[in-house]
Every structure is written in structure tokens, then in C-alpha cells.
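These notes concern the structure reproduced below.
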Amino acid sequence: MHSVDTKSEIVKILHFKQFYKHYVFVEDGEGRRKKVLKNYIDVYVCIDMVCGDTRNELGSEE
């Protein structure tokens, strides 16, 4: 839970391709699915950075 004065932003800190043969299902134009062999998986490492006023924390007794 965030207070009203915060904003959240997803920050991508790393991106790489993991080479691994695997099957995925891709939908064609008629709503049917087709099995396709892929050679890699895109891997993204992200953080959810929340910025805001931290002077008055929730639940503080000041």
C-alpha cells in the first residue's frame, strides 16, 4: 500500500537472452493456435521503484 504522495515506476536493470529450445503457442488470425519452436527466452530483471514523501510514515506517532 502506498500513500497518496507516491509514484511508482518500473525500472529495467538487466536484459539478456537465455538460449533454450522450447515450444510456444501462437494464435493465428482465425483464432486457432499454432505450435512454434523458439530458440531463446527473453529475460528481464526489473524493480518497482516507488518514490514519495517518507518524512511522515504511516503509523508513526509524531
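The values are calculated or read from the model by the stated rules, or taken from the named source; none is laboratory data. Keep in mind it's a predicted model, so treat the numbers as computed, not measured. Positions of Cβ are generated from backbone atoms using ideal geometry, with glycine treated the same way; all protein chains shown enter the neighbour counts.
Tabulated data for the structure shown
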quantity	calculated
Which listed residue, of LYS12, LYS38, is surrounded by 10 or more Cβ atoms within 10 Å (Cβ to Cβ), modelled with pLDDT of 80 or more, charged (D, E, K, R) and assigned to a strand (DSSP E or B)	LYS38
The stretch 17-35, residues that are surrounded by 10 or more Cβ atoms within 10 Å (Cβ to Cβ) and in contact (Cβ under 8 Å) with a residue 24 or more places away in the chain	LYS17
